[in-house]
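Peer 1: The structure under discussion is supplied below as structure tokens; questions concerning it will follow.
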């Protein structure tokens, strides 16, 4: 027992000596309906039943003793959170913007379920994976070198990325607006409840499309015209569901 206590004390002294930076930040939500996350590397967003935005960073970056009492400066803006981010509220929108390098760390953001979400990442390969969980509001994601993973979402969702794949698992397909999922060089893999209603358009110029859903295709006389665009109705049709994987494959799965 004594040895364990000594080890714990030693660990505490070690952490204190290096002065690890605070890893949490909270944002009050007062009527704002949308969260915009810009240029944040390796971000995971989850909707929950709370009333504030909670941001956590798992980066264990050291705080310099010489920097005590000083603010970090960046060409991108001021770090007003202490964890490498700038957060500002304008009108009905809260913007979270990364202003400092965080090495290999990851940000986890929890947002109230009532909020819509937009994520933009136009930077280089350091952007990493974008993850979204349990968001039932409107969802917009635009990436470049990012793969995108979404689970327990409903849409409407407009998602596009260039060099990464897209995987989306829907609990329901909202009929309040169209959903579009587009990747240039990655697969697009979608899981839908079997009773979803949609007008489906799948485009795979240099790939294939696969599905186990009961999609109704229009009846034609004679041979079908060769095309990279597949159009059909799911359960009689409904909201527009556009899917495109320019150089890879499209997968439509039944939940």
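We did not get these values from a lab; they are worked out from the coordinates using the rules stated. What you are looking at is a predicted structure, and each value in this text was computed from that prediction instead of being measured. All Cβ positions, glycine included, derive from the backbone under ideal geometry; neighbour counts span all protein chains shown.
Peer 1: Efficiency by 1/(1 + (r/R0)^6): what FRET value for residue 65 and residue 172, r their Cβ-Cβ distance, R0 = 45 Å, to the nearest 0.05?
Peer 2: Efficiency, from the Cβ-Cβ distance: 0.30.
Peer 1: How would you classify region 88-163 from its alpha-carbon gyration tensor, with a ≥ b ≥ c the square roots of the eigenvalues: rounded for a/c under 1.5, else prolate if a/b is greater than b/c, otherwise oblate?
Peer 2: oblate
Peer 1: Still on this structure: I'd like the antiparallel share, as a percent to the nearest 5, of DSSP beta bridges with both residues in region 22-146.
Peer 2: 40 percent
Peer 1: Using r as the Cβ-Cβ distance of residue 145 and residue 191, and R0 as 30 Å, what FRET efficiency do you calculate, to the nearest 0.05?
Peer 2: Once the sixth-power term is evaluated, E becomes 0.80.
Peer 1: Using only C-alpha atoms and all pairs of different ones, pull out the Kirkwood radius for region 22-146 in Å with one decimal.
Peer 2: Evaluated on region 22-146, it is 14.8 Å.
Peer 1: Express in nm, to one decimal, how much length is gained between residue 206 and residue 90 on full extension, taking 0.36 nm for each residue of separation and deducting their alpha carbon distance.
Peer 2: Working it through step by step, the gained length comes to 37.5 nm.
Peer 1: Same structure again: If a/c stays under 1.5 just call it rounded; otherwise compare a/b with b/c (prolate if a/b is bigger, oblate if not). Do that for region 97-255, with a ≥ b ≥ c from the square roots of the Cα gyration tensor eigenvalues.
Peer 2: oblate
Peer 1: By per-residue mean of other Cβ atoms within 10 Å, what is the highest-first order of 108-119, 207-218?
Peer 2: Packing order, densest peptide first, comes out as 108-119, 207-218.
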